[in-house]
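The values are calculated or read from the model by the stated rules, or taken from the named source; none is laboratory data. Bear in mind the structure is a predicted one, so any value in this text is a computation, not a measurement. Positions of Cβ are generated from backbone atoms using ideal geometry, with glycine treated the same way; all protein chains shown enter the neighbour counts. Ligands, DNA and RNA are stripped out before the accessible areas are found, and what is left, the full protein with its side chains, is counted by its heavy atoms. Shrake-Rupley method; radii C 1.70, N 1.55, O 1.52, S 1.80 Å.
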Amino acid sequence: MHEELDTVLVDFDEGTGIATLTLNRPDALNAMNAQMNEDIETGLALLDERDAEAEGVAVRVVVFEGTGDRAFSAGADITGFADRSPAAFDAHPMRDTVIEFPAPTIAKIHGYCLGGGLELALACDFRIASESSRFGFPEVDLGIIPGAGGVQYVSRLAGPAFATELAMTGEHVTAERADEEGIVNYAYPDDDLDGEVESFVETIAEKPPLAVRTIKDSGNVAVETDLHEGRKYDRRAFAPLLETEDHEEGARAFAEDDYEPEFKGK
Ligand code: COA
């Protein structure tokens, strides 16, 4: 599937189950306007439809990336910000849809990753960056804050000292610093980014998808609840996986040396 929405390209490879949502406003450094928020929702809904139509699981992994060589995204589109009413600043629920999307999500980051663009990346399960990418929350200079949970998410990944430093100074930090602080999973030399993301995506796409999706949920539960509730969630989520064909397939592959498992999300 290849769909060209106004501001987002949606690609889905039926064979591998790998989807890519490409932010496509390169002239504005992929700044996020209302249309882009809507197009991301539409793209994910199209992928949801593929899942609904499939016998098992269709969508194994979703990659978010940006077109052009300068940015993943320079954040919310600030054109005309001065004329807007406070209600227009409300963080769009699109990032909730990303967080709740059943398949794992990866932000493949190059260039600027700022403000709402960084919050989109933080809504993904993984962030893989090129060494020349730059991260920041510039909102403070507009007299506002990252409104889609940016400080909260960076606080959980790196700690509140780094989160508030980013948001209060508005300064850009290097991928190396972002990696040291733990807000990206990996920072690779620019020329290696494509290959490294591809192999990471393939690794996850080949795993049993129902287990992968349950692990994603468990990660979300871990940041949203306490340890006691989290352990209860894991115990409840574990038992149904024992009944899946994929569990049987994995157990068979473990027992038989030459057997290549094929996981179907059933
Ligand atoms: N919203 C709308 N347009 C944006 C944008 C944004 N957030 N960020 C960049 N652009 C546009 C610029 O207006 C410019 O358009 P033009 O070529 O039509 O003039 C184009 O993208 C290139 O940006 P430019 O500022 O010329 O590039 P630069 O290399 O000098 O600076 C940045 C790059 C990212 C440092 C700078 O664009 C910037 O600070 N952007 C705003 C970031 C921001 O505040 N985001 C959060 C908003 S809450």
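Tabulated results
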{"quantity": "Failed condition for Cys113, given (1) within 12 Å of the ligand (Cβ to nearest atom); (2) modelled with pLDDT under 95; (3) closer than 18 Å to Asn37 by Cα", "calculated": "(2)"}
{"quantity": "Helices (runs of 4 or more DSSP H) fully within the stretch 131-225 counting 1 or more residues that are open to solvent by 20 Å² or more (accessible area, probe 1.4 Å) and in contact with an Asp or Glu (Cβ under 6 Å, 6 or more places away or on another chain)", "calculated": "209-224"}
{"quantity": "Filter pass, Leu122 being away from the ligand (no atom under 13 Å from the Cβ), assigned to a helix (DSSP H, G or I) and either at pLDDT below 95 or under 29 Å from Ala222 (Cα atoms) (or both)", "calculated": "yes"}
{"quantity": "The stretch 39-78, residues that are open to solvent by 40 Å² or more (accessible area, probe 1.4 Å), within 15 Å of Ala148 (Cβ to Cβ) and more than 16 Å from the ligand (Cβ to nearest atom)", "calculated": "Glu41"}
{"quantity": "Neighbours by Cβ (under 7 Å, 6+ apart or cross-chain): first from the stretch 102-118, not assigned by TED's automatic domain parsing to the domain that holds Gly219 and of a type in the set (Phe, Trp, Tyr); second open to solvent by 10 Å² or more (accessible area, probe 1.4 Å) and within 10 Å of the ligand (Cβ to nearest atom)", "calculated": "Tyr112/Leu29; Tyr112/Arg70; Tyr112/Ala74; Tyr112/Arg134"}
{"quantity": "Scan of the stretch 236-249 for residues that are open to solvent by 30 Å² or more (accessible area, probe 1.4 Å) and part of a helix (DSSP H, G or I), ordered by number", "calculated": "Arg236, Phe238, Ala239, Pro240, Leu241, Leu242, Glu245, His247, Glu248, Glu249"}
